[in-house]
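The values are calculated or read from the model by the stated rules, or taken from the named source; none is laboratory data. Quantities reported herein were computed from a predicted structural model and do not represent experimental measurements. Virtual Cβ from ideal backbone geometry, glycine too; neighbours counted across all protein chains shown.
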Amino acid sequence: MKKWLMIASAVFVLILAGCQKRQADYAEVYNAAGQRVATVKKAAGIKKLSAIAGRLGSAKKATLSAHAKIAYRYVLHEVKSGHQITLSVYRGENAVKVKNIPVLGVGPWRISQADAATLDRPSSLK
């Protein structure tokens, strides 16, 4: 099962990165109030987000504290296929909830401290 998840996440990363249309893919970032605070269009930022989403295939389930609040919501758009993936990032937690990756389910999933730091600073991905 774990091997299958790794293969699926690798395929997902390739699809999201969009070999030929990398510059057309983008991500929108929303704050806790639902206001768009950033749009990530640069290939390097999209590649980082794709890598973080791809690593979720080997992530462990997380338990959120009772007071966990969403800090940011990332909506990743793969233009060629029209596919969208949503990552909800929680303030003070090294965890994300995911939508639209059927293999993973909703989560929450544990992420590394480095990935959490990247997701807590959307301006670093622009």
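Checking the stated criteria, residue 93 turns out to be within 14 Å of residue 120 (Cα to Cα) and of a type in the set (Asp, Glu).
Scanning region 44-65 for residues that are at pLDDT below 90, part of a helix (DSSP H, G or I) and loosely packed, with under 14 Cβ neighbours inside 10 Å returns a single hit, 58. Scanning region 91-126 for residues that are without any contact (Cβ under 8 Å) to a residue 12 or more places away in the chain and either part of a loop (DSSP other than H, G, I, E, B) or in contact with a His (Cβ under 6 Å, 6 or more places away or on another chain) (or both) gives 102, 105, 106, 121.
All of 106, 98, 40 fail the test of being surrounded by fewer than 17 Cβ atoms within 10 Å (Cβ to Cβ), among the hydrophobic types (A, V, I, L, M, F, W, C) and in contact with a strand residue (DSSP E or B) (Cβ under 8 Å, 6 or more places away or on another chain), apart from 106.
There is no residue in region 87-108 that is at pLDDT below 90 and of a type in the set (Phe, Trp, Tyr). It is to be established whether one or more residues within region 23-43 are over 19 Å from residue 123 (Cβ atoms), modelled with pLDDT under 85 and assigned to a loop (DSSP other than H, G, I, E, B). Scanning region 23-43 turns up no residue that is over 19 Å from residue 123 (Cβ atoms), modelled with pLDDT under 85 and assigned to a loop (DSSP other than H, G, I, E, B). Taking the stated definitions as given, is residue 68 small (Gly, Ala, Ser), closer than 22 Å to residue 39 by Cα and either touching a Lys or Arg at 6+ places or on another chain (Cβ under 8 Å) or surrounded by fewer than 20 Cβ atoms within 10 Å (Cβ to Cβ) (or both)? Criteria not met by residue 68. Answer yes if at least one residue in region 72-86 is touching a helix residue (DSSP H, G or I) at 6+ places or on another chain (Cβ under 6 Å), in a loop (DSSP other than H, G, I, E, B) and either of a type in the set (Ser, Thr, Tyr) or touching a residue at least 40 places away in the same chain (Cβ under 8 Å) (or both), and no otherwise. For region 72-86, residues touching a helix residue (DSSP H, G or I) at 6+ places or on another chain (Cβ under 6 Å), in a loop (DSSP other than H, G, I, E, B) and either of a type in the set (Ser, Thr, Tyr) or touching a residue at least 40 places away in the same chain (Cβ under 8 Å) (or both): present.
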